[in-house]
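The values are calculated or read from the model by the stated rules, or taken from the named source; none is laboratory data. Since the model is a prediction, treat every value here as computed from it, not as a measurement. As a convention, Cβ positions derive from the backbone with ideal geometry for all residues, glycine included, and neighbour counts pool all protein chains shown. All accessible areas refer to the heavy atoms of the entire protein, side chains included, with ligands and DNA or RNA removed. Shrake-Rupley method; radii C 1.70, N 1.55, O 1.52, S 1.80 Å.
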Amino acid sequence: QVQLVESGGGLVPLGGSLRLSCTASGRTSSIFGMGWFRQAPGKEREFVASITYSGTTTYYSDSVQGRFAISRDNAKNTVSLQMNSLKLEDTAVYYCAATRLNIGTIGTQYPYWGQGTQVTVSS
């Protein structure tokens with residue numbers, strides 16, 4: 001099994017920046033792809049970004065492309081999401097996810113999930 005724990009969420013002003021981190025434990029050697037998803041109140045969970053084990057391939061949703069950056073440190077079993085130029089619509093609970101398979105943009109492709117961390121962008 002793999003356990004994921006997110007950190008770094010909080011309240012941030014419009015246009016500000018925030019960095020989320022996710023630490024994996026357990027059978028981390030089985031992890032290949034990692035990603036971030038988010039869910040805003042009253043909305044479905046949506047893909048944000050994902051990254052392969054080597055970090056050479058990343059995917060971003062159109063809504064965050066150019067503002068967010070995903071990275072990972074395999075030695076520390078962590079994946080991070082640097083969020084810049086935050087907008088009100090970025091307010092959501094952000095979830096870290098992991099898979100033994102290749103990365104994707106669909107939540108069902110990821111069997112392992114963290115509990116989530118709240119990000120609130122205020123005006």
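Out of the residues in segment 1-57 that are assigned to a loop (DSSP other than H, G, I, E, B) and of a type in the set (A, V, I, L, M), which is surrounded by the fewest Cβ atoms within 10 Å (Cβ to Cβ)?
Filtering segment 1-57 for residues that are assigned to a loop (DSSP other than H, G, I, E, B) and of a type in the set (A, V, I, L, M), the one surrounded by the fewest Cβ atoms within 10 Å (Cβ to Cβ) comes out as Leu14.
What is the residue count in segment 67-85 for residues that are free of Cβ contacts under 8 Å to residues at least 12 places away in the same chain and outside any loop (DSSP other than H, G, I, E, B)?
Residues meeting the conditions: 1.
Let me spell it out: the conditions are (1) closer than 17 Å to Ala24 by Cβ; (2) open to solvent by 50 Å² or more (accessible area, probe 1.4 Å), and Gln65 meets all of them except one. Which number is the exception?
Answer for Gln65: the failing condition is (1).
Every residue, every condition in (1) at pLDDT 95 or above; (2) over 12 Å from the mean Cα position of the chain (by Cα), yes or no:
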site	(1), (2)
Ser50	yes, no
Thr56	no, yes
Tyr60	yes, no
Ser63	yes, yes
Ser71	yes, no
Thr78	yes, no
Asn84	yes, yes
Thr91	yes, yes
Gln109	no, yes
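From the list Thr108, Thr91, Thr99, Thr78, which residue is among the polar types (S, T, N, Q), within 21 Å of Val5 (Cα to Cα) and touching a helix residue (DSSP H, G or I) at 6+ places or on another chain (Cβ under 9 Å)?
Working: Thr108 fails: touching a helix residue (DSSP H, G or I) at 6+ places or on another chain (Cβ under 9 Å); Thr91 fails: touching a helix residue (DSSP H, G or I) at 6+ places or on another chain (Cβ under 9 Å); Thr78 fails: touching a helix residue (DSSP H, G or I) at 6+ places or on another chain (Cβ under 9 Å).
Result: Thr99 is the single residue among Thr108, Thr91, Thr99, Thr78 that is among the polar types (S, T, N, Q), within 21 Å of Val5 (Cα to Cα) and touching a helix residue (DSSP H, G or I) at 6+ places or on another chain (Cβ under 9 Å).
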